[in-house]
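Below is one structure; the comments refer to it alone.
The values are calculated or read from the model by the stated rules, or taken from the named source; none is laboratory data. Remember, predicted model here, so these are calculated numbers, not experimental data. Cβ sites come from the backbone with ideal geometry, for glycine too, and all protein chains shown count toward neighbours.
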Amino acid sequence: MRPLIAPSVLASDFANLQSEVEMLNKSQADWLHIDIMDGRFVPNISFGFPVMEAIKKHAQKPMDVHLMIVEPELYIERFRAAGADTITVHIEACNHLHRTIQQIKATGAKAGVALNPHTSINLLEDVIEDLDLVCLMSVNPGFGGQKFIENTYRKIEALKNMIISRNANTLIEIDGGVNEQNAKPLLDRGADVLVAGNFVFSAADPIQTIANLKNVLN
């Protein structure tokens, strides 16, 4: 199966956000990855509902919204109303994870859970069958342009085995440091969705860069 490619809008040129989104519309990107940061869960602040709503006006592809925020359960309905098609919360930020997953699904959005690099996939055993997506952070969340953490490969393999053994349909998304060099090894180990930020938006030809990621297994 060809991978799903989700360019991270956080790495785009905010002064030309409409043209950046229109570029992604013309590309082979499957989703638009939207990072929401609150300055509390991670040491950075990105953007919120007004910017999301502006992106939604121009986006022709699903919006994959990654909430790097505390108390995400307070904002699920608002993010769905702002255009989120998939809503991913961090396991580290959820005291009542199962409840939050069900809250996301009740809005009609797909439900995802993200894990920081130090967090064990074993914590997902009781919810894996309820999830549409697991996002494995392959860098420490909060900033783009970080070096890929090699232990991610082992986590993908273990997570894939869990998904298969439970007969779940959960997709594995990799977020952080993805490029043409590590894309194939990630996919070979079981990844389904690749998030790429700086690698795409700093490229001389972002549309071709996305196409290269999309076709890396060919």
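Does Leu115 qualify as being within 20 Å of Ala11 (Cβ to Cβ), buried (at least 17 other Cβ atoms within 10 Å of the Cβ), in contact (Cβ under 8 Å) with a residue 12 or more places away in the chain and not β-branched (Val, Ile, Thr)?
When the stated conditions are applied, Leu115 does not pass them.
Residue-by-condition table, conditions (1) out of contact with any Ser or Thr (no Cβ under 8 Å at 6 or more places or on another chain); (2) of a type outside the set (Val, Ile, Thr); (3) at pLDDT 95 or above:
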position	(1), (2), (3)
Ser8	yes, yes, yes
Asn16	yes, yes, yes
Asp35	no, yes, yes
Asp38	yes, yes, yes
Ile55	yes, no, yes
Met63	no, yes, yes
Leu67	no, yes, yes
Leu74	yes, yes, yes
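Would you say Leu133 is among the hydrophobic types (A, V, I, L, M, F, W, C) and surrounded by fewer than 19 Cβ atoms within 10 Å (Cβ to Cβ)?
No: the conditions fail for Leu133.
Residues in the range 172-197 that are among the polar types (S, T, N, Q) and in contact with a strand residue (DSSP E or B) (Cβ under 8 Å, 6 or more places away or on another chain): how many?
Final tally of qualifying residues: 1.
Which residues, taken from the range 26-64, are among the β-branched types (Val, Ile, Thr) and without any contact (Cβ under 8 Å) to a residue 40 or more places away in the chain?
Hits for the range 26-64 are Ile45, Val51.
When the range 52-64 is examined, which residues are found to be in a helix (DSSP H, G or I) and surrounded by 18 or more Cβ atoms within 10 Å (Cβ to Cβ)?
Passing the criteria: Met52, Ile55.
Restricted to the range 1-25, and to residues that are among the aliphatic types (A, V, I, L, M) and part of a strand (DSSP E or B), which residue is nearest to Lys56 (Cα to Cα)?
Ala6
Hey, Thr170 hits all of (1) under 14 Å from Ile121 (Cα atoms); (2) of a type in the set (Val, Ile, Thr); (3) free of Cβ contacts under 8 Å to residues at least 40 places away in the same chain but one; which does it fall short on?
Status for Thr170: all satisfied but (3).
Could you list all residues from the range 95-133 that are out of contact with any Asp or Glu (no Cβ under 7 Å at 6 or more places or on another chain), of a type in the set (A, V, I, L, M, F, W, C) and outside any helix (DSSP H, G or I)?
Result: Val113, Ala114, Leu115, Val127, Leu131.
Within the range 33-51, can you find the residues that are in a strand (DSSP E or B) and in contact with a Pro (Cβ under 7 Å, 6 or more places away or on another chain)?
If the condition is that a residue be in a strand (DSSP E or B) and in contact with a Pro (Cβ under 7 Å, 6 or more places away or on another chain), then His33 is the only one that fits.
Results for (1) modelled with pLDDT of 95 or more; (2) polar (S, T, N, Q); (3) out of contact with any strand residue (DSSP E or B) (no Cβ under 9 Å at 6 or more places or on another chain); (4) under 17 Å from Glu71 (Cα atoms), shown as yes or no for each residue.
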| site | (1), (2), (3), (4) |
| --- | --- |
| Gly83 | yes, no, no, no |
| Gln103 | yes, yes, no, yes |
| Gly144 | no, no, no, no |
| Ile149 | no, no, no, no |
| Thr170 | yes, yes, no, no |
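Output yes when any residue across the range 178-198 is at positive phi, in a loop (DSSP other than H, G, I, E, B), touching a residue at least 12 places away in the same chain (Cβ under 8 Å) and not aliphatic (A, V, I, L, M), and no when none is.
Yes, there is a match, as at least one residue in the range 178-198 is at positive phi, in a loop (DSSP other than H, G, I, E, B), touching a residue at least 12 places away in the same chain (Cβ under 8 Å) and not aliphatic (A, V, I, L, M).
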